[in-house]
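See structure below.
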Amino acid sequence: MRTPLNRVRGLGPAHSGTGHFWLQRLTAIANIPLVIYFVFLIATLAGRSHATVTATLGEPVVALLLLAAILSITMHMRVGMQVIIEDYIHDEGLKITLVVLNTFFTVGVGLSAAFAVFRISLGL
Amino acid sequence: MIEHKTRVERPLSPHLQIYRLTITMAMSIVHRIVGSALYFGMLLFVWWLFAAGNARDFDRINGWIGTWFGQLILFGFTWALLHHMLGGIRHLIWDTTRGLEPGEREMLAWATLIGSVTLTVIVWIVAFMMRS
Ligand code: HEM
């Protein structure tokens, strides 16, 4: 016999169990050093000349760290926003629509940011 | 859909409006609001990165950053990142079941608020010193 509790056990509103919780924590830990670096990069580069910014982002170490930050942040953003959607939206159709849009948005942000970094560091 | 036929009749907990706002509550809400703001704020960062593709676009964006409003957004964005980071670290501490006692919770909540403002100011001071 499958009781209601048995059916949902370990799955929750997203039907994916604790996977998202874990990914949220994993990316949160990765984000700590990466975001510190990211904040520092923003503070030192904002408002600087085009030549300075492209030269800095052209450094392989800077570009790599920035790419790592973009990857970790966008993965984390995606899970985080999905949790918010699941908390407040109870209509199944709307919830799925928003979860899909959330994935498109975060992947879009990640890919375009990565593309822009590549373009700068390859000097295109 | 699962029907709950055996609903237990028990008193409902008080609604949010009649709770006294505490610092832990406030910081919990702020963590979510700031996380959402960062979510959309990342678009500004992508815009800036794309503008770096050519000098003319970049000069335009720099002009915008130079205004008081641009500076405010910039400072706010870095504060939001650091505040959410400290709030997140607080969550990670809680995940180890530490820091949940009365007193400790309040201390951690104040630490995220005061710490984030202090860190943001320090980051900008250091950044300005490195520029000149
Ligand atoms: C700096 C390092 C960061 C750490 C340590 C961190 C940590 C966390 C943690 C632990 C949570 C889960 C909170 C909970 O369970 O209620 C969370 C939620 C979230 N984070 Fe982050 N985060 C970081 C950076 C970021 C960044 C850069 C963004 C966006 C650009 C972001 C967006 C979000 C969102 C949207 C949520 C969901 C909010 C909620 O459920 O209330 N985080 N973060």
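The values are calculated or read from the model by the stated rules, or taken from the named source; none is laboratory data. Everything numeric in this text was worked out from a predicted model, so none of it was measured. Glycine gets a Cβ as well: all are built from the backbone with ideal geometry, and neighbour counts include every protein chain shown. Accessible surface is based on the protein model in full, side chains and every heavy atom, while ligands, DNA and RNA are left aside. Shrake-Rupley method; radii C 1.70, N 1.55, O 1.52, S 1.80 Å.
Before moving on, here are some points about what is shown:
- In this structure, A:Leu111 does not qualify as within 16 Å of the ligand (Cβ to nearest atom), more than 11 Å from chain B (Cβ to nearest Cβ) and either part of a helix (DSSP H, G or I) or touching a strand residue (DSSP E or B) at 6+ places or on another chain (Cβ under 7 Å) (or both).
- Residue within the range A:89-96 that is part of a helix (DSSP H, G or I), within 22 Å of B:Val34 (Cβ to Cβ) and within 14 Å of the ligand (Cβ to nearest atom) present: no
- Residues of the range A:47-75 that turn out to be within 27 Å of B:Gly63 (Cβ to Cβ) and surrounded by fewer than 21 Cβ atoms within 10 Å (Cβ to Cβ), as a count: 14
- All of (1) farther than 27 Å from B:Val123 by Cα; (2) polar (S, T, N, Q); (3) modelled with pLDDT of 95 or more hold for B:Thr78 with one exception: (1).
- Subset of the range B:76-127 that is away from the ligand (no atom under 16 Å from the Cβ) and at the interface with chain A (Cβ under 8 Å from one of its Cβ atoms) - its residue that is least open to solvent (accessible area, probe 1.4 Å): B:Ala127
Here is a yes/no grid of residues against (1) within 10 Å of the ligand (Cβ to nearest atom); (2) part of a loop (DSSP other than H, G, I, E, B); (3) in contact with a helix residue (DSSP H, G or I) (Cβ under 8 Å, 6 or more places away or on another chain); (4) not polar (S, T, N, Q):
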| site | (1), (2), (3), (4) |
| --- | --- |
| A:Phe21 | yes, no, no, yes |
| A:Arg25 | yes, no, yes, yes |
| A:Thr44 | no, no, yes, no |
| A:Thr52 | no, no, yes, no |
| A:Thr56 | no, no, yes, no |
| A:Val83 | yes, no, yes, yes |
| A:Leu98 | no, no, yes, yes |
| A:Thr103 | no, no, yes, no |
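- Qualifying residue in the range A:94-106 (condition: within 11 Å of chain B (Cβ to nearest Cβ) and open to solvent by 70 Å² or more (accessible area, probe 1.4 Å)): no
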